[in-house]
Amino acid sequence: MTWKAVARSALGTSHRDKGIPCQDYGAYRSFDDGNIIVGAVADGAGSAKYADVGAKLAVRGALLCTQKWFEWLGRQKVSLRSLSKQAITKHLNKTLEIVAKILEKQAIARDHSVHDFNCTLLLFIATPEWVAAAQVGDGFIVVKPVGQDYQLVFQPDKGEFINQTTFVTSPDCLTEMKTEVFLNQYEFICASTDGLERLAIQTFDWKPGNGFFQPLQEYMQTTAYPEVSDEYIVSFLNSERLNARTDDDKTLLLCLYHRYPYLPMKGYR
């Protein structure tokens, strides 16, 4: 019983037409022989000069910070199962603080403004017993507890005006960051940038759409190695049908806690 995952991004048609690189980035790392997984997704601001660099720096910084935390817990002989919600939340806040400092230091080193790296950030840590999540800015994290419906963890941060959100580089990012720890067993997690928000989330009640998430979960359940056999996700993100509804960059980070035998997907190779 382990977590399996896949992270993929696709260039939006508006960026493709303008020759702008993909400003999304998502990645994950697994620990404890796959029983623990940490994932992060970032969306660089369209107005930021080096938005794509900022997104990568934020994601990689968040994952590395959590890895170092795990290593410290190991040296202290502290089990993840024994951690309190307060201790987990403290780490999430510390991670954001460190990521903001990484971006600031990189801006100084490259003689840039820190706002050239403006980006959002979503981070989660998943174990067999609990899931912790943090979010700065828009985008979404959806989870599915065993035997229950899909749940949106945080309502996306849209700010006071349209296309306005909070960035990791914002002065108020620490106070605006949302965190949550769920003591439950979860079987599926999806983190995504806001490019897929209108397709995945019913904005009138902020509920995840089953029609969006069920096929993705089925793909994860029926694919032995989704990180390698990623044709389904790549084709989905680049499909004309999807691009007709959103011209933004798109990122999917999917995780499934593999409790069941692998069953091949009908018609999929």
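The values are calculated or read from the model by the stated rules, or taken from the named source; none is laboratory data. Note that this is a predicted model, so its numbers are computed, not measured. Don't worry about glycine lacking a Cβ; one is built from the backbone with ideal geometry, like all the others, and counts go over all protein chains shown. Keep in mind that these areas ignore ligands, DNA and RNA; they rest on the heavy atoms of the full protein, side chains included. Shrake-Rupley method; radii C 1.70, N 1.55, O 1.52, S 1.80 Å.
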- [ ] Please state which of the following conditions GLY211 fails to meet, knowing it meets all the rest: (1) small (Gly, Ala, Ser); (2) touching a residue at least 24 places away in the same chain (Cβ under 8 Å); (3) farther than 29 Å from LEU92 by Cα.
- [x] (2)
Task: Tally, over the stretch 200-230, of residues that are farther than 18 Å from VAL143 by Cβ and of a type in the set (A, V, I, L, M, F, W, C) - done: 3
Open item on the list: If I ask for residues that are surrounded by fewer than 19 Cβ atoms within 10 Å (Cβ to Cβ) and outside any helix (DSSP H, G or I), which ones from the stretch 197-227 would you list?
Closed with: GLN202, THR203, PHE204, ASP205, TRP206, LYS207, GLY209, ALA224, TYR225, GLU227
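Among the residues of the stretch 26-42, is any buried (at least 18 other Cβ atoms within 10 Å of the Cβ), touching a residue at least 24 places away in the same chain (Cβ under 8 Å) and among the acidic types (Asp, Glu)? Talk me through it step by step, then tell me what you get.
To start, the set of residues in the stretch 26-42 that are buried (at least 18 other Cβ atoms within 10 Å of the Cβ) comprises 26-28, 31, 36-42.
If we keep only those that are touching a residue at least 24 places away in the same chain (Cβ under 8 Å) as well, we get 26-28, 31, 36-42.
Within this subset, residues satisfying the condition of being among the acidic types (Asp, Glu) are none.
No: zero hits.
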Open item on the list: I need a count of the residues in the stretch 79-93 that are surrounded by 13 or more Cβ atoms within 10 Å (Cβ to Cβ) and touching a Phe, Trp or Tyr at 6+ places or on another chain (Cβ under 9 Å).
Closed with: 5
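Suppose the filter is in contact with a Lys or Arg (Cβ under 7 Å, 6 or more places away or on another chain), closer than 21 Å to VAL146 by Cα and outside any loop (DSSP other than H, G, I, E, B); does PHE188 pass it?
Numbers: in contact with a Lys or Arg (Cβ under 7 Å, 6 or more places away or on another chain): yes; closer than 21 Å to VAL146 by Cα: yes; outside any loop (DSSP other than H, G, I, E, B): yes.
Criteria met by PHE188.
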Task: Any hit, the stretch 103-123, residues being within 18 Å of the chain's Cα centre (by Cα) and modelled with pLDDT under 95 - done: no
TODO: For the stretch 55-65, indicate whether the set of residues that are open to solvent by 20 Å² or more (accessible area, probe 1.4 Å) and assigned to a loop (DSSP other than H, G, I, E, B) is non-empty.
DONE: no
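Those residues that are open to solvent by 80 Å² or more (accessible area, probe 1.4 Å) and either of a type in the set (D, E, K, R) or more than 23 Å from VAL143 (Cβ to Cβ) (or both), I need them from the stretch 231-260; list them, please.
Of the stretch 231-260, the ones open to solvent by 80 Å² or more (accessible area, probe 1.4 Å) are 231, 238, 240-241, 244-245, 247, 260.
Selection gives GLU231, ASN238, GLU240, ARG241, ALA244, ARG245, ASP247.
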Open item on the list: Condition first: assigned to a strand (DSSP E or B), among the aliphatic types (A, V, I, L, M) and either under 16 Å from SER239 (Cα atoms) or in contact with a Lys or Arg (Cβ under 9 Å, 6 or more places away or on another chain) (or both). Now tell me which residues in the stretch 1-30 satisfy that.
Closed with: ALA10, ALA27
